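Novice: The following block contains the structure, expressed as structure tokens.
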Amino acid sequence: NCSPSTNREHNTVMSAIACLIAPVCYLRSLNTLRYTSMFSIVSMMTLTGVILYKVVEKQGGAGGDPESNSSSSEMPPRDDIVLFNTDVNDVLSAFPVVSVAFLCHFNVLPVHGELERPTRDRLKAVVHATMAVATVFYLCIGSAGYLYAFQDVTGDILNSFGKHDPAVNVG
């Protein structure tokens with residue numbers, strides 16, 4: 001139920017993003033994407049830092065952004081934290097998401113071809129390092145989001161903040 005001007009703005013932004021990303025899709029070498037990868041890592045670290053900043057701000061009683069969609073500005077009691085879910089259905093429904101998030105076999109052969117002196121051991125080292133970095137980032141941003149919103153997150157942590165929050169917009 002968006003207004004026509006909101007749809008137009010959304011379509012304009014999506015078209016601009018598609019125009020920026022399209023040339024990257026046709027590159028012959030993965031080596032040219034190394035700066036894009038570093039930018040992605042820095043972006044994830046920035047977003048994690050912003051969310052942790054919001055956790056501290058919320059904990060300190062600043063109340064956060066008045067436009068926030070969060071139902072409460074106070075931190076719930078510590079016994080509300082659920083570290084491990086014991087409901088089998090929830091675990092089984094999360095498994096495909098986690099599996100797809102760590103799925104990288106589509107890029108293994110192109111990465112192997114880009115390595116200097118490609119060997120199985122060097123490829124395994126790259127895959128293990130990549131998985132370690134991805135795991136650390138998922139744990140960091142997941143923990144930061146959980147500390148910020150607990151059970152109040154509705155699928156996307158960024159929806160918990162106001163649209164005009166400068167720190168979150170930078171993140």
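The values are calculated or read from the model by the stated rules, or taken from the named source; none is laboratory data. Bear in mind the structure is a predicted one, so any value in this text is a computation, not a measurement. For accessibility, only protein heavy atoms count, side chains too; no ligands or nucleic acids. Shrake-Rupley method; radii C 1.70, N 1.55, O 1.52, S 1.80 Å.
Novice: I'd like to check which helices (runs of 4 or more DSSP H) are fully inside the range 1-110 and have at least 2 residues that are at pLDDT 80 or above and open to solvent by 60 Å² or more (accessible area, probe 1.4 Å). Talk me through it step by step, then tell me what you get.
Specialist: Values: elements: 4-25, 34-59, 88-101.
Of the helices (runs of 4 or more DSSP H) lying wholly inside the range 1-110, those with at least 2 residues that are at pLDDT 80 or above and open to solvent by 60 Å² or more (accessible area, probe 1.4 Å) span 4-25, 34-59.
Novice: Filter the range 115-167 down to residues that are in a loop (DSSP other than H, G, I, E, B) and charged (D, E, K, R) and give me whichever is least open to solvent (accessible area, probe 1.4 Å). Show your work before the answer.
Specialist: The first filter runs over the range 115-167 and keeps only residues in a loop (DSSP other than H, G, I, E, B), leaving 115-119, 153-156, 161-165.
Those left that are additionally charged (D, E, K, R): 116-117, 156, 163, 165.
On the way: Glu116: 135, Arg117: 172, Asp156: 65, Lys163: 169, Asp165: 7 Å².
Checked the range 115-167; the qualifying residue least open to solvent (accessible area, probe 1.4 Å) is Asp165.
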